[in-house]
1. What FRET efficiency would be calculated for the residue pair Glu308, Ala74, taking the C-beta separation as r and a Förster radius of 35 Å, to the nearest 0.05?
2. What would the Debye formula give as log10 I(q)/I(0) at q = 0.29 Å⁻¹ for the alpha-carbon point model of segment 8-56, no solvent?
3. Using a 1.4 angstrom probe on heavy atoms only, work out the carbon and sulfur share of the accessible area of segment 49-141 in %.
4. When the accessible area of segment 284-350 is split by element with a 1.4 Å probe, what percent falls to carbon and sulfur?
5. For segment 36-195, what D do you get in µm² per second when you plug the Kirkwood radius from alpha-carbon pairs into Stokes-Einstein at 10 °C and 1.306 mPa s?
6. Rounded, prolate or oblate: which one fits segment 196-236, using the alpha carbon gyration tensor with axes a ≥ b ≥ c (rounded when a/c is under 1.5, else prolate when a/b beats b/c, else oblate)?
7. Out of residues 5 or more away from Thr104 or on other chains, whose amide H comes under 5 Å of its own, with H placed 1.01 Å from N in the peptide plane?
8. In degrees from 0 to 90, rounded to the nearest 10, what is the angle of the helix 313-342 Cα long axis to the longest principal axis of the chain?
Amino acid sequence: MNTSVFDHPWLGSLFSDAETVAIWAPERQLSHMLAFEAAWSRALGACGLFDATLAESAASAIEQATISPEALGAGTRADGVPVPALVNILKTIAPAEAVHKGATSQDVIDTALAMTLGETTGLFLARLDQLIATLTVLERRFGDNELTGRTRMQAAMPITVRDRVLSWRLPLDDHVARLQALRPRVEKVQIGGAAGDRSALGGKADAIVADVARALGLRSTEKAWHAMRDGIGEYASALSLISGTLGKMGQDIALMAQQGIDEIALSGGGGSSAMPHKNNPVLAELLVTLARFNAAQLSGMHQALIHEQERSGAAWSLEWMILPQMAMATGRGLGAAIDLCGKIERMGTG
């Protein structure tokens, strides 16, 4: 049974977004975990914590490893994390003494998350740019047409299409700025070791952290962020804000499309099994649903900020349940908004 709308056999066709799914796929996450382990072995070899030749042999073997995500299932069930099972496999194909030494499971998983968030941000920034450009075209085409301005669902004063479209477009510029500002706060390497103090690395810690960060295209850090999750919480907030802006646009379009108001003409709406005359604004409604979904999930991500002492299993694993779903909803929302704007044939009255 599929219990998530994002991978359901028919609901997934409405809610799922292929590019976002690919970024968050288990196979992609595993590739990031392997990239960390390879970079880790090389960095420790380069800093002299063990033989550099041995380190390169381990790193090369890790990079060439083919491991099924399913191979980590039993270990995750037993250990609560997939990394012990992964390390056990890697030690059978690479020099065991040059694998994972001085690292911890959270270093691997959080660094992989940072890489995932980097790819996610790249995709979302590109889509925001596309949506901004699409809305700009709509402003040029229909901006001078008249609309009835409405406040509290009641007719107010005449406005133009441009007035309403600007309320959709301008927040998108702020979302671009938010995501760009977030990049250094979330796209950073996680290295702390057993208790987060990097003690196993001794005086080589700073050099190793910098080496691994450079190899993975991430920012170096002064301290492990095992129990400092404000960046992740802020990222979730940004996702909800983006979805909220898209939901406002969807709500407006759904209302504009009501029969009797007819302030917008859309091509390719959804049909009804009982009322063939209907042209339902499916994508507009979807934007509202996704916005409300992310708003509801955000409280859970803020609950996950509360880590006890140096590491929390409960708060950490709560992120795994929620953040990917929020990314899926945001990715689908951006794609749906672009598609929806492409279906607008008329706005307002000329």
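The values are calculated or read from the model by the stated rules, or taken from the named source; none is laboratory data. Computed from a predicted model, the values in this text were never measured in an experiment. Please note: Cβ atoms are built from the backbone with ideal geometry, for glycine as well, and neighbour counts cover all protein chains shown. SASA here: full protein model, heavy atoms, side chains in, ligands and nucleic acids out. Shrake-Rupley method; radii C 1.70, N 1.55, O 1.52, S 1.80 Å.
1. For R0 = 35 Å, the calculated efficiency reads 0.80.
2. One equal scatterer on each Cα of segment 8-56 leads to -0.94.
3. Using a 1.4 Å probe with all protein chains present, segment 49-141 comes out at 54 percent carbon and sulfur.
4. 55 percent
5. D, rounded to a whole number, is 80 µm²/s.
6. It is oblate, given that a/c is not under 1.5 and a/b is not larger than b/c.
7. Under 5 Å from the amide H of Thr104 lie the amide H atoms of Gly192, Gly193, each far enough along the sequence or on another chain.
8. 40 degrees
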